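FYI, it's all coordinate maths here, none of it is from the lab. Predicted model, so just to flag it, every value in this text is computed and none were measured. Cβ: placed from backbone, ideal geometry, glycine included. Neighbour counts: every protein chain shown.
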Amino acid sequence: MSLTDTKPQPRSPTSKRRWALPATIAVIAFFVLLAPLWAPLFLRRMSFFRVRHVEVVGARYVQPRDILDRLKVDTLASVWDPPGPLEARVARHPLVREVQVGRRLPGTLVVRLVEHVPVALVPTANGFRAYDERGVPLPIDPTLADVDAPILARPDRAMLKFLGVARTEAPALYRRVSEVRREGEGGGELLFVLDSLPVRALADITLHRLADLELVEHDLARRRLRATELDLRYRDQVIARLQ
């Protein structure tokens, strides 16, 4: 057996260039993939991205000044600061249902809100009180804010939930309701007032059943008849009491 002493051949310039390009691309890709981690840390230090404006989107009952006070941003804050703490402070507002804080470069924070909205007004000794679909009273003064909601005699959680669903799923019908109250023994019946027209129903009324009114009203209008009351308490029937 014989051994041969061989020396490694130097790489040619072409071979080096062939490896250099993929390596460069890999390094760039590495930094790009990690950009969400290092870029904000770097950009937060730049005065160019200091917060100069705050835009509040989706506020109808919430006062923008209240949102600004809760954000607690000053001239040293950056639009690249983590939004989590800002969202947590705003979310504690009793009228805020959802909040998302974004940015519009170079120096504007955009606060997008979804509010808890009133679905009914309940009379109290000091005037009307607004309630949402959860049965929670809202810090809204109906004498100062434009609250277009039906009146309930008392805070009825079941009816507030029903009105909340109606507001979302049947807005045209909801807008017609001016008043709802329980009647009958044990409150097992309901009286809706729709555009001044009384409508009687059982307490387990559904939106689908309430929608039957539209067909009846169209039929009465076609025959030039006017109802003084509609009654949904009978299964698969709508009783129209005429003038």
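Charge tally around R134: other residues with Cβ under 15 Å, Lys/Arg +1 each, Asp/Glu -1 each, net 0.
Using a cut-off of 15 Å between beta-carbons, work out the net charge of the residues near A170 (Lys and Arg +1, Asp and Glu -1, A170 not included). Charge balance near A170 sits at -1.
For the range 90-118 and the range 165-218, write down the distance between their C-alpha centroids in whole Å. For the range 90-118 versus the range 165-218, the Cα centre distance is 34 Å.
Amide H contacts under 5 Å for H116: V96, R97, restricted to partners 5 or more places along the chain or on a different chain, H placed in the peptide plane at 1.01 Å from N.
Residues whose amide H falls under 5 Å from that of E179, counting only those 5 or more places apart or on a different chain, are I151, V193, with hydrogens built in the peptide plane. Contact order, relative form, for the range 123-211: 19 percent (alpha carbon pairs under 8 Å, 6 or more residues apart, mean separation divided by residue count). Let me check I've understood the local charge: for R52, count other residues with C-beta under 13 angstrom from its C-beta, Lys and Arg +1, Asp and Glu -1. What total comes out? Counting the neighbours of R52, the net charge comes to +1. The overall shape of the range 172-243 is prolate: from the C-alpha gyration tensor, with semi-axes ordered a ≥ b ≥ c, the ratio a/c is 1.5 or greater and a/b exceeds b/c. Distant-in-sequence amide contacts of R103, defined by a placed amide H-H separation under 5 Å and a gap of 5 or more residues or a different chain, comprise V110. Here the contact order of the range 84-176, divided by its residue count and restricted to Cα pairs under 8 Å and six or more residues apart, works out to 20 percent. In order along the range 148-163, the Karplus-derived 3J(HN,Hα) couplings, from 6.51 cos²θ - 1.76 cosθ + 1.60 at θ = phi - 60°, round to 9, 8, x, 9, 10, 5, 8, x, 9, 4, 4, 6, 5, 5, 4, 5 Hz, and Gly and Pro are given as x.
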